[in-house]
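Student: Please see the structure below; I have some questions.
The values are calculated or read from the model by the stated rules, or taken from the named source; none is laboratory data. Everything numeric in this text was worked out from a predicted model, so none of it was measured. Neighbour counts run over all protein chains shown; Cβ positions are idealised from the backbone, glycine included.
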Amino acid sequence: MLFFDWTKVYDSANGSISHCNMIMEMIIKKSLPKNRFDPLYKYSNINFIGRNFLIHPDMLLFNAYKYGQRDLAIYYSLAALRNVAEYRATQKITLDTAFCPVDLESIKDNRLLRIDEHNIHFIYEEVTQENTH
């Protein structure tokens, strides 16, 4: 499980989708910059720990090459809207569609999400040991 602060990630990246994804990859991999010219360098001293969470960030990152930068950033941003207290109490890993800040039509083509009548499902949060092989 990974805790992060999406608002801080987004603000630090000045809203750049590719930089947001680069920061999230750095957080997930616990990467360090190679030198001071590495693009990660300016983010390496920022504490991105927060109350947003991902259950299986490693599986998302492992499969990230299959998806576009925009889809990944939407996945992170919507996952950040989930309530960690509710997850700890009920193990709920979906987001109620009522809490989605954008029109569902604008995200329906995101292959990282599955949207039903009441919930947004995050496909790599539902990963179990059986379907990783």
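Student: For the stretch 63-90, give me each residue that is polar (S, T, N, Q) and closer than 21 Å to Ile28 by Cα. Steps first, answer last, please.
Tutor: Narrowing the stretch 63-90 to residues polar (S, T, N, Q): 63, 69, 77, 83, 90.
Hits for the stretch 63-90 are Asn63, Gln69, Ser77, Asn83.
Student: For Asp71, work out the one condition from (1) free of Cβ contacts under 8 Å to residues at least 24 places away in the same chain; (2) surrounded by 15 or more Cβ atoms within 10 Å (Cβ to Cβ) it doesn't fulfil.
Tutor: (1)
Student: Being in a loop (DSSP other than H, G, I, E, B) and on the phi < 0 side of the Ramachandran plot is the filter here; which residues of the stretch 22-43 pass it? Before you say what the answer is, go through the steps one by one.
Tutor: From the stretch 22-43, those in a loop (DSSP other than H, G, I, E, B) are 30-40; that's our starting set.
Hits for the stretch 22-43 are Ser31, Leu32, Pro33, Lys34, Asn35, Arg36, Phe37, Asp38, Pro39, Leu40.
Student: Hey, can you tell me all the residues within the stretch 7-20 that are surrounded by fewer than 21 Cβ atoms within 10 Å (Cβ to Cβ) and either touching a residue at least 40 places away in the same chain (Cβ under 8 Å) or not in a helix (DSSP H, G or I) (or both)?
Tutor: Result: Thr7, Lys8, Tyr10, Ala13, Asn14, Gly15, Ser16, Ile17, Ser18.
Student: Filter the stretch 93-114 for residues that are within 14 Å of Tyr124 (Cα to Cα) and surrounded by 13 or more Cβ atoms within 10 Å (Cβ to Cβ) and give the result.
Tutor: Here is the first cut: in the stretch 93-114, the ones within 14 Å of Tyr124 (Cα to Cα) are 93-95, 110-114.
Across the stretch 93-114, the qualifying residues are Ile93, Thr94, Leu95, Asn110, Leu112, Leu113, Arg114.
Student: Going residue by residue through the stretch 25-42, is there one that turns out to be under 16 Å from Glu126 (Cβ atoms), without any contact (Cβ under 8 Å) to a residue 40 or more places away in the chain and not hydrophobic (A, V, I, L, M, F, W, C)?
Tutor: Looking only at the stretch 25-42, we keep the residues that are under 16 Å from Glu126 (Cβ atoms), and these are none.
Checked against the condition, which is being under 16 Å from Glu126 (Cβ atoms), without any contact (Cβ under 8 Å) to a residue 40 or more places away in the chain and not hydrophobic (A, V, I, L, M, F, W, C), the stretch 25-42 yields no hits at all.
Student: Continuing with the same structure: Looking at this structure, is Met59 buried (at least 17 other Cβ atoms within 10 Å of the Cβ), more than 15 Å from Ala79 (Cα to Cα) and aliphatic (A, V, I, L, M)?
Tutor: When the stated conditions are applied, Met59 does not pass them.
A quick yes/no check of all residues on (1) of a type in the set (Phe, Trp, Tyr); (2) in contact with a strand residue (DSSP E or B) (Cβ under 7 Å, 6 or more places away or on another chain); (3) farther than 19 Å from Thr7 by Cβ; (4) at pLDDT 90 or above:
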| site | (1), (2), (3), (4) |
| --- | --- |
| Phe53 | yes, yes, no, yes |
| Phe62 | yes, no, yes, yes |
| Gly68 | no, no, yes, yes |
| Asn83 | no, no, no, yes |
| Val102 | no, no, no, no |
| Arg114 | no, yes, yes, yes |
| Phe122 | yes, yes, no, yes |
| Glu126 | no, no, yes, no |
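Student: If you scan the stretch 80-97, which residues turn out to be closer than 17 Å to Leu113 by Cβ and without any contact (Cβ under 8 Å) to a residue 60 or more places away in the chain? Spell out how you get there, then give the answer.
Tutor: Let us first name the residues in the stretch 80-97 that are closer than 17 Å to Leu113 by Cβ, namely 80-82, 92-97.
Within the stretch 80-97, Leu81, Arg82, Lys92, Ile93, Thr94, Leu95, Asp96, Thr97 meet the criteria.
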